[in-house]
Every structure is written in structure tokens, then in C-alpha cells.
There are 2 protein chains.
Amino acid sequence: MPEECLFCKILAGEIQSNIIYRDDLVVAFEDVNPQAPHHYLIVPRKHIRTTLDLSTADNELIGHIYQVAGKIAHDMEFAEEGFRVVNNCNEGAGQSVWHIHFHLLGGRDLTWPPG
Amino acid sequence: MPEECLFCKILAGEIQSNIIYRDDLVVAFEDVNPQAPHHYLIVPRKHIRTTLDLSTADNELIGHIYQVAGKIAHDMEFAEEGFRVVNNCNEGAGQSVWHIHFHLLGGRDLTWPPG
């Protein structure tokens, strides 16, 4: 675990968060600055810095994250109205925590452009 | 191929688009209504209706899409400044073509919230 990684600390339980889902590969918790009635971060347990640091060995993991997004949306009953999955890579896209994560937003109409 | 699927027709070459990348699994082309200097759609050749229709057998494919996103951003030299990958599921999120696709946006600072 990189010593200064906020999400590694959340995953290790060293920093409190409102975790809504966990399994062997990922954890999902409420975004502290929610932009929609449902706004969660889906974070792999494996520390991967950015989208550009993904290897083909991580392909299965990324697919799993989308399985989890669908499951959360279904279980929390916002799947049918719709949801958006957003991944930001590097500062120009707004990435501020250097542990790859996927925003899951729903519960309201989502507008265009996406930022 | 579902007869009325716009993206299946683009992938089959029946409708013209500005394709920037293709391989055995996916095709990427310019969004006809671009929201950033770089705005591409990465579309699997396999017809999958929405994110909710993904099965675990598609996990590897979804990971591959993120590999392709990184490769396009790298090759077109907007990776370092940053890029965003956006997937919309169902109408409330703005999905309007019923063939799963991933928006890749870059070339400008991307704002928050993401729509």
C-alpha cells in the first residue's frame, strides 16, 4: 500500500467511509462530495495509479467493475431510470486521488456534455 | 446484427463515420456532436444493448476498451493532460443508441460535475 494513498487507507479501514459494497476485488463507497442522489466510487483493491497504468492483466478487473456498477444500480433501484459511469485520468480530467476509481452516478437526469 | 442499430451499421461500413481505430473487438470513431477537441466513441463489435446487458463473459472486452482508450489518448497525444471515459446506461443518463459505447473525451480541461 502506498503510504499516502487515501483510497488504500479507506480500503484498509484506516479512514472512515460509507461503504455500500465490497467483494474480493473492489470496494464501493459514497463520494464525499456527491453530484447526484446516488454517487458512489467503485475502487479496485489493487493500487493502480491511473487508467494509463492498467495492463491487459487488469482487463477482467475492469469488466468486473462494470458488473458491480450494474449490480449496485439494480439493488438500489436506480438502474432502469439510468446511470453514468465516469473514469477520469490525470489532472486535466479532474483526477485528484492517484488510485484508479470509477464514479457511478444516478438518481437524477444526467446532462450533456459530461463536464 | 439488429436491423435498426446505427452502430452496427457503422461497424459494417453501411453508414459512413470517421473511424480512428479498429481491431478484432472494437471500433472507435469521432462523435458526430463532439463535446471536446478529442471526442471519440469506442464501440464493441458485439451488439450489447446496455451496461445492464453485460455478462461476466464480457469482462475481458470491457477491460480491452480501457486499453484502447489509453492507446488512442497516447497515440493522439492527449493522454498526459488528461482524458475522461463516460458510459451512459438508459435514457436518464442520456443513452440514445442502444448499442453499448464508451465516450472518450480529451484535449481540454473537463469540468465537474460530469453532467
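Pull up segment B:10-45, narrow it to residues that are more than 14 Å from chain A (Cβ to nearest Cβ) and small (Gly, Ala, Ser), then point me to the one that is surrounded by the most Cβ atoms within 10 Å (Cβ to Cβ).
B:ALA28
Output the residues belonging to segment B:86-115 that are more than 7 Å from chain A (Cβ to nearest Cβ) and of a type in the set (Val, Ile, Thr).
B:VAL97, B:ILE100
Taking A:VAL27, is it among the aliphatic types (A, V, I, L, M), part of a loop (DSSP other than H, G, I, E, B) and either more than 20 Å from B:ASN59 (Cβ to Cβ) or free of Cβ contacts under 8 Å to residues at least 24 places away in the same chain (or both)?
When the stated conditions are applied, A:VAL27 does not pass them.
Based on this model, can you work out whether B:ALA12 counts as in contact (Cβ under 8 Å) with a residue 60 or more places away in the chain and not charged (D, E, K, R)?
no
Just to verify a result, which residue in segment A:47-63, among those that are more than 9 Å from every other protein chain (Cβ to nearest Cβ) and in contact with a helix residue (DSSP H, G or I) (Cβ under 7 Å, 6 or more places away or on another chain), is surrounded by the most Cβ atoms within 10 Å (Cβ to Cβ)?
Out of the qualifying residues, it is A:ILE48.
Where residues in segment A:64-80 are outside any loop (DSSP other than H, G, I, E, B) and closer than 16 Å to A:ALA36 by Cα, which of them is farthest from the other protein chains (Cβ to nearest Cβ)?
Of all residues in segment A:64-80, those outside any loop (DSSP other than H, G, I, E, B) come to A:64-75.
Filter once more, keeping what is closer than 16 Å to A:ALA36 by Cα: A:69, A:72-73.
On the way: A:ALA69: 7, A:ILE72: 11, A:ALA73: 7 Å.
Ranking the candidates gives A:ILE72 first.
Can you confirm whether B:PHE83 is within 11 Å of chain A (Cβ to nearest Cβ), among the aromatic types (Phe, Trp, Tyr), in contact with a helix residue (DSSP H, G or I) (Cβ under 7 Å, 6 or more places away or on another chain) and within 25 Å of B:TRP112 (Cα to Cα)?
Working: within 11 Å of chain A (Cβ to nearest Cβ): yes; among the aromatic types (Phe, Trp, Tyr): yes; in contact with a helix residue (DSSP H, G or I) (Cβ under 7 Å, 6 or more places away or on another chain): yes; within 25 Å of B:TRP112 (Cα to Cα): yes.
Here the answer is yes, as B:PHE83 does meet what is asked.
Please go through segment B:64-115 and pick out each residue that is crowded, with 19+ Cβ neighbours inside 10 Å, among the aliphatic types (A, V, I, L, M) and out of contact with any Pro (no Cβ under 9 Å at 6 or more places or on another chain).
Within segment B:64-115, B:VAL68, B:ALA69, B:ILE72, B:ALA73, B:ALA79, B:VAL85, B:ALA93, B:LEU104 meet the criteria.
No lab work stands behind these numbers, since they all come straight from the coordinates. None of the values given here were measured: they were computed from a predicted structure. With ideal geometry, Cβ positions are generated from the backbone for all residues, glycine too; neighbour counts draw on all protein chains shown.
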